[in-house]
Structure formats: C-alpha cells, structure tokens
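The values are calculated or read from the model by the stated rules, or taken from the named source; none is laboratory data. As the structure is a computational prediction, the values presented were derived from the model and not from experiment. Here the Cβ is made from the backbone with ideal geometry for all residues, glycine too, and neighbour counts use every protein chain on show.
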Amino acid sequence: MEYYLDSVSRAICALSAMTVLGQHNRQIRRRIECALKVGVTPRQILEVFVNLILYGGYINSRTSMPVARSVFTDQSLTV
C-alpha cells in the first residue's frame, strides 16, 4: 500500500481521533508517546488539543493536556 500522509501527519490524525472519541488516558498516553517517536513536537501535540476544543469538546481536550504534560515530564521534554 502506498501512503500519502507522512508519519507525523498520521500520528496527529490518530491522536486527534482518539482525543475526540474520549479514549482512556492510557490510550492517549500511548498515542502521545508514538507521536513523539515519529517527530511530532511537544508544542504541536498541545496545539492539537487546543484546536480540538472547538471540534471535540472542551472536556476531551482538557483531559488530554495533563496526560501530555506527564509524558513530556517523563521524557524530560520542554514545551
């Protein structure tokens, strides 16, 4: 199969979908870790959540932000 989206774009799409669907923190955490591995920056991850406030609801986006901060802290990343 030929892919037309790069790894970063696919990771952002997956993280967006899981956030909007209100997935458990464990699953969001795993998506964030995978996104970081393929080159999504911490700032881009937080921006995804900010943009999803309008589309996926405040609660789902707001719930994901502390999970992201925890991953960043665990990996010694700064935003």
Within the stretch 1-52, the residues that are surrounded by 14 or more Cβ atoms within 10 Å (Cβ to Cβ), assigned to a helix (DSSP H, G or I) and β-branched (Val, Ile, Thr) are 8, 12, 19, 20, 28, 32, 45, 48
Test result for residue 59, within 22 Å of residue 6 (Cα to Cα) and of a type outside the set (Gly, Ala, Ser): no
If residue 61 passes every condition in (1) in a helix (DSSP H, G or I); (2) modelled with pLDDT of 95 or more but one, which one does it miss? (2)
Residues satisfying the stated conditions in the stretch 18-38, i.e. of a type outside the set (A, V, I, L, M, F, W, C), touching a helix residue (DSSP H, G or I) at 6+ places or on another chain (Cβ under 6 Å) and under 19 Å from residue 51 (Cβ atoms): 19, 22, 31
I need a count of the residues in the stretch 18-40 that are of a type in the set (Val, Ile, Thr) and more than 10 Å from the chain's Cα centre (by Cα). 2
Among what's in the stretch 53-65 and is buried (at least 19 other Cβ atoms within 10 Å of the Cβ) and of a type in the set (Ser, Thr, Tyr), pick the residue that is farthest from residue 76 (Cα to Cα). 61
Which pairs do you get when a residue that is modelled with pLDDT of 95 or more, found in the stretch 23-46, comes within reach of a residue that is among the aromatic types (Phe, Trp, Tyr), reach meaning Cβ atoms under 7 angstrom, with the pair 6+ apart or on two chains? 42/72
For the list (1) assigned to a helix (DSSP H, G or I); (2) buried (at least 18 other Cβ atoms within 10 Å of the Cβ); (3) out of contact with any Asp or Glu (no Cβ under 7 Å at 6 or more places or on another chain); (4) not hydroxyl-bearing (Ser, Thr, Tyr), I need the number of the one condition that residue 71 fails. (3)
Of a type outside the set (S, T, N, Q) and more than 12 Å from the chain's Cα centre (by Cα): does that describe residue 15? no
